[in-house]
Amino acid sequence: MMRFRHLTLAVLATLAVAPAAFAQDATTDTGSAAGKRFAVVGGYALSEPTKNPSIAGGRAQADGDGAATLSASYYITDNIAVEAWGAADKFGHRVNLNGAKAGSVQAQPYAVSGQYHFGTPDQTVRPFVGLGYYEANYSGEQAEPAGALAGQRIGVETAKGAMATAGVDLNITPTWFARADVRYMQGKSDARLNGVKVGEAELNPVVLGVGLGARF
């Protein structure tokens, strides 16, 4: 519930900033979004794992978390773009093993993808889809002192795989726009205890994000 409250606050913050951005930009930008080749977006996202990996003979479950995100896009044409996206902070995941808290780990994903933006650059609502490659660096692995993995050294290797994206931009002015998107990441990484592989940390998270962007 707390994670969805954070996303709600991010949505409200975006809606609050958007009118101010529109008022400031309206006096200076009376042109078109067509032909603008670069875009940047700052936002907030929730990462929720969709799979429960098997670790040390038990079934593990990782909780979701929220973090700030950044992206930069280059538009090859008005409809085709290449995006670099990543978490500006780390998603913290609490790990439960057989229903009891066993430890925690932090993940910081980043990705490159190709996107297709439907319609014309100046239409108010503009959906898009994308497909690309991501990696997620894991760090801060800790075992719960009183948990099943107490006293053991946990390691999770970098996850790598494909990422699919779907989203929509809401054009405010030719420069400013609000964005909502969902990303699905599919990839595996090895989970290790004291340097020995004990399973695969296949989380395959769904990442829900909102943000405010500018194009130029």
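The values are calculated or read from the model by the stated rules, or taken from the named source; none is laboratory data. The structure presented is a predicted model; accordingly, all values stated were derived computationally and were not measured. Don't worry about glycine lacking a Cβ; one is built from the backbone with ideal geometry, like all the others, and counts go over all protein chains shown.
Quickly run through the stretch 190-216 and pick out the residues that are more than 30 Å from V40 (Cα to Cα) and in contact with a Ser or Thr (Cβ under 6 Å, 6 or more places away or on another chain).
Hits for the stretch 190-216 are G199, A201.
Do any strands (runs of 3 or more DSSP E) lying entirely in the stretch 168-215 carry at least 1 residues that are in contact with a strand residue (DSSP E or B) (Cβ under 9 Å, 6 or more places away or on another chain), among the hydrophobic types (A, V, I, L, M, F, W, C) and within 30 Å of T124 (Cα to Cα), and which ones are they?
176-188, 206-215
Hey, can you tell me all the residues within the stretch 106-154 that are over 18 Å from the mean Cα position of the chain (by Cα), among the polar types (S, T, N, Q) and at pLDDT 95 or above?
Of everything in the stretch 106-154, those that are over 18 Å from the mean Cα position of the chain (by Cα), among the polar types (S, T, N, Q) and at pLDDT 95 or above turn out to be T120, Q123, T124.
Only residues that are closer than 29 Å to R59 by Cα and either in contact with a Pro (Cβ under 7 Å, 6 or more places away or on another chain) or surrounded by fewer than 18 Cβ atoms within 10 Å (Cβ to Cβ) (or both): list them for the stretch 149-180, please.
A150, G151, Q152, R153, E157, T158, K160, G161, A162, A164
Name every residue in the stretch 181-198 that is modelled with pLDDT of 90 or more and among the hydrophobic types (A, V, I, L, M, F, W, C), in order of residue number. Can you show your working first?
Taking the stretch 181-198 as the starting set, the residues that turn out to be modelled with pLDDT of 90 or more are 181-187.
Answer for the stretch 181-198, where residues must be modelled with pLDDT of 90 or more and among the hydrophobic types (A, V, I, L, M, F, W, C): V182, M185.
Being of a type in the set (V, I, T) and touching a Lys or Arg at 6+ places or on another chain (Cβ under 8 Å) is the filter here; which residues of the stretch 80-97 pass it?
V95
Within the stretch 157-205, work out how many residues are among the hydroxyl-bearing types (S, T, Y) and under 13 Å from the mean Cα position of the chain (by Cα).
Going through the stretch 157-205 one residue at a time, the tally reaches 2.
Restricting the search to the stretch 17-62, which residues are at pLDDT 95 or above and exposed (fewer than 14 other Cβ atoms within 10 Å of the Cβ)?
R37, F38
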